[in-house]
Each structure stands twice: as C-alpha cells, then as structure tokens.
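Below: one structure, written as structure tokens.
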Amino acid sequence: MSPIIQAVAAVAEPTTSDGKGVIVSTSKLTPPEKGRIKVAVAISEGATVIDFSGPWDVFGSVMLPAGGDDVMPFELFMVSEKTTPVTVENGMKIIPHYTFADAPVCQVVVVPAQKGS
C-alpha cells in the first residue's frame, strides 16, 4: 500500500452531528515531537491550478510561535504518477517531488479537482 493511501486510511472514522449531512472529523491534527506535519498535494494532468496552489500557499504560510521564534509546522510536497513534468490547467507544467509509490508517509493529503487519475 502506498504511503499516500496509508495516510488516508489512517484518518479516524468521521462523524456527523445528526447522522447525515456534512461530515465533521473528530480527530485533531497534532505536530510530531520532531519535524513537521507532512502535507502531500496530489496532482495529475489537467489539475485545476487554484485548487492546489491555494492550499499550497495556505499551508506554506502558517507560522507558529515557538520560544521566541516562528516555526513553519508544515512540510509540503507534490505527488503524482510520475516525477516528470505534469501539465495542469492552461498549460502550466509542474514537476512533482514524488510518485504515489515513493512519497513519504503524510498526515494531510490535498486532492484538487483534476481530470487525470
């Protein structure tokens, strides 16, 4: 099983307040004692740019105070079927850091709208 699938499978069972409607997660994302929270952004051919660039910028801009210094709690990386350029919306080319098979285990997965696999 790929590390991305393992991360998704490890999420706690969702619950809802009334048994239907929007799913509300009851699990809390806590940073590891050492290192940062790994965030995988999955892309494929035709991915919608705003759907991955917006979350990328939000996670990448978070700063937490830690003993007088600010720390960035998230480590971002792109994953796809290949690590060669992927053509997303409007011809933009992205070079993913990892494939789905060799990506590090992560705590968060961002899946933007896309036409590919």
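The values are calculated or read from the model by the stated rules, or taken from the named source; none is laboratory data. Predicted model, so just to flag it, every value in this text is computed and none were measured. Note: ideal-geometry Cβ built from the backbone for every residue, glycine included; neighbour counts use all protein chains shown. With ligands, DNA and RNA removed, areas are computed over all heavy atoms of the protein, side chains included. Shrake-Rupley method; radii C 1.70, N 1.55, O 1.52, S 1.80 Å.
If the condition is being closer than 11 Å to I43 by Cβ and outside any strand (DSSP E or B), then the range 65-82 contributes E81, K82. Screening the range 67-94 for residues that are open to solvent by 80 Å² or more (accessible area, probe 1.4 Å) and not small (G, A, S) and picking the one that is nearest to R36 (Cα to Cα) gives M72. H97 fulfils the conditions (1) surrounded by fewer than 17 Cβ atoms within 10 Å (Cβ to Cβ); (2) within 16 Å of A113 (Cα to Cα) except for a single criterion, (2).
G60 meets each of the listed conditions (1) assigned to a loop (DSSP other than H, G, I, E, B); (2) modelled with pLDDT of 75 or more; (3) surrounded by 11 or more Cβ atoms within 10 Å (Cβ to Cβ) apart from (1).
Filter the range 34-64 down to the residues that are free of Cβ contacts under 8 Å to residues at least 24 places away in the same chain and within 18 Å of A103 (Cβ to Cβ) and list them by number. The one that is free of Cβ contacts under 8 Å to residues at least 24 places away in the same chain and within 18 Å of A103 (Cβ to Cβ): G60. Checking the stated criteria, V88 turns out to be modelled with pLDDT under 95 and aliphatic (A, V, I, L, M). Each residue in the range 83-94 was checked for being more than 16 Å from V111 (Cα to Cα) and assigned to a loop (DSSP other than H, G, I, E, B), and 4 of them qualify. The residue that is nearest to S53 (Cα to Cα), counting only those in the range 65-117 that are touching a residue at least 12 places away in the same chain (Cβ under 8 Å) and among the small types (G, A, S), is A113. Taken together, the criteria exclude P85 from residues that are within 14 Å of A40 (Cβ to Cβ), of a type outside the set (K, R) and in contact with a Lys or Arg (Cβ under 9 Å, 6 or more places away or on another chain).
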